[in-house]
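Colleague: One structure follows; several queries about it will come next.
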Amino acid sequence: MNTKKNFPFVTVKNNTLHDIVISGDPNWDDQKLLIDGEANNYFKLLKEKSVILSVEWDFKPDELMMGVDFEKSNYDGNNMGFLLLEIGQSLKTGLLGITNSYEDEPKWANMVTENQSPLSFTLIFENKNNQDI
């Protein structure tokens, strides 16, 4: 086991016109999702706000370090547009990023990744076609 902690950090920016619900993937039941440094498995990211996601990671970085769900939150409390992302370090580039997605891109937003490094990157959600879907 690696004695140096390799915590991955993902800054998520919500540049859409709606709130986004962020939660830990229930299939990753041993994962403790950290949201702005606090253990929290559910968080509503308000429009035009950002948050930092992380997990405690005591192992060598790999392709499957985090499983995170994102959903567009409707005003009536119901969610639509589910997106599951697996986040980890690319074996090819050595940079942290999206290593698997169960949908290429959400129907409600465009995704942009920036500032990739071995243990961090920025994930930006933007309005699709400058519209609120």
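Colleague: Please go through segment 24-65 and write out the GluC sites (Glu not before Pro) that DSSP classes as loop and that have at most 11 other C-beta atoms within 10 Å.
Modeller: Glu48
Colleague: Tell me the trypsin sites (Lys or Arg not before Pro) within segment 24-64 that lie in a loop according to DSSP and have at most 14 other beta-carbon atoms within 10 Å.
Modeller: Numbers: sites: Lys32, Lys44, Lys47, Lys49; in loops: Lys32, Lys47, Lys49.
Sparse-neighbourhood loop trypsin sites (Lys or Arg not before Pro): Lys32, Lys49.
Colleague: So which chymotrypsin sites (Phe, Trp or Tyr not before Pro) in segment 26-61 are both in a DSSP loop and have at most 14 other Cβ atoms within 10 Å of their Cβ?
Modeller: In loop regions of segment 26-61 (DSSP not H, G, I, E or B), the sparsely surrounded chymotrypsin sites (Phe, Trp or Tyr not before Pro) are Phe59.
Colleague: Right, next: For each pair in Lys49/Lys107; Lys60/Lys107; Lys60/Lys128; Lys32/Lys107; Lys47/Lys92, compute the distance between the two Cα atoms and list the pairs where it is over 30 Å.
Modeller: Too far apart for the 30 Å limit: Lys60/Lys107; Lys60/Lys128; Lys47/Lys92.
Colleague: Can you work out the Karplus-derived ³J(HN,Hα) for every residue in segment 47-58? Use 6.51 cos²θ - 1.76 cosθ + 1.60 with θ = phi - 60°, whole Hz, and x for glycine or proline.
Modeller: 4, 6, 10, 9, 8, 10, 9, 7, 9, 6, 9, 9
Quick note: the coordinates plus some simple rules give every number you see, no bench work behind them. None of these values were measured; they are calculated from a predicted model. Note that each Cβ is placed from the backbone with ideal geometry, even for glycine, and that neighbours are counted across all protein chains shown.
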